[in-house]
Amino acid sequence: MRLVLLGPPGAGKGTLASFLNKELGIPHVSTGDILREEMKNNTSLGQEVKQYVESGGLVPDEVVIKLIENKFSSDCAIDKGYMLDGFPRTEVQAKDLDALLNDLQKPVDQVIYLDASLPVVIKRLTGRRICRNCGAIFHMKNNPPKEEGICNECGGEVYQRPDDNEETIQTRMDVYLDNTKPVIEYYEDQGKLKKVDADRDSQEVQESLMKIFNGDR
Ligand code: AMP
């Protein structure tokens, strides 16, 4: 299955991707995760993108497009399908992605739009905590780690993303509305968009999605 997951920050794209990866084995490609890894390893790319990521702005299109091109040309996992999370975020990225995937003869099958409202995403993101090691996602109120600061799954360190603070969240939402909303229309025009109400809890979202995949909706 070849999927794009769209939606504002905090809509639950990462949580859904990890569910679909476990359930259906679809490889998960998150540009945010790739960029954070580069920053953690202090590579030249990591240094180049740090200011954008930490302020909640967008990394320039050509930089992220190159990342995806490299990923797809070096990774034979594309044969098992893919699930893009956090990419494309602009119309330029969406058009370049289509060109790349058409060349590879692996076009996007479906685009899942996780539609979540601003108050819900703010609550989710300010309480969100992530395992530095395995990427498991927690929430301080709804789903805290059993032992503070320690991941239930792997014992890794649980931390708060520096861009998950209220001011940066507002910037990310503004950036999303200006740049990523047009991407939703772009895929709607292609007849590939499936909208899911993502204000609900993750289990309900997962059930809706499995129904879509099974053709029940
Ligand atoms: P995410 O983990 O998807 O919330 O991404 C975290 C940050 O990485 C974003 O706020 C951007 O600064 C950067 N980023 C991730 N994906 C992209 C993209 N497709 N285009 C531009 N910037 C991106």
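The values are calculated or read from the model by the stated rules, or taken from the named source; none is laboratory data. Quantities reported herein were computed from a predicted structural model and do not represent experimental measurements. All Cβ positions, glycine included, derive from the backbone under ideal geometry; neighbour counts span all protein chains shown. Surface accessibility is based on the protein's heavy atoms, side chains included, excluding ligands, DNA and RNA. Shrake-Rupley method; radii C 1.70, N 1.55, O 1.52, S 1.80 Å.
Here are the numbers:
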read-out	value
MET83 in the same structural domain as TYR186 (by TED's automatic domain parsing), closer than 29 Å to ASN152 by Cβ and in contact with a strand residue (DSSP E or B) (Cβ under 9 Å, 6 or more places away or on another chain)	yes
Enumerated strands (runs of 3 or more DSSP E) restricted to region 1-87, each holding at least 1 residues that are open to solvent by 60 Å² or more (accessible area, probe 1.4 Å) and at pLDDT below 95	28-30
Check on GLY56, closer than 23 Å to HIS139 by Cα and near the ligand (Cβ under 10 Å from one of its atoms)	yes
Members of region 19-44 found to be within 12 Å of the ligand (Cβ to nearest atom) and either out of contact with any strand residue (DSSP E or B) (no Cβ under 6 Å at 6 or more places or on another chain) or more than 27 Å from LEU177 (Cβ to Cβ) (or both), listed by number	THR31, GLY32, ASP33, ILE34, LEU35, ARG36, GLU37, GLU38, MET39
Residue list for region 144-167, restricted to those being within 15 Å of the ligand (Cβ to nearest atom) and open to solvent by 50 Å² or more (accessible area, probe 1.4 Å)	GLN160, PRO162, ASN165, GLU166, GLU167
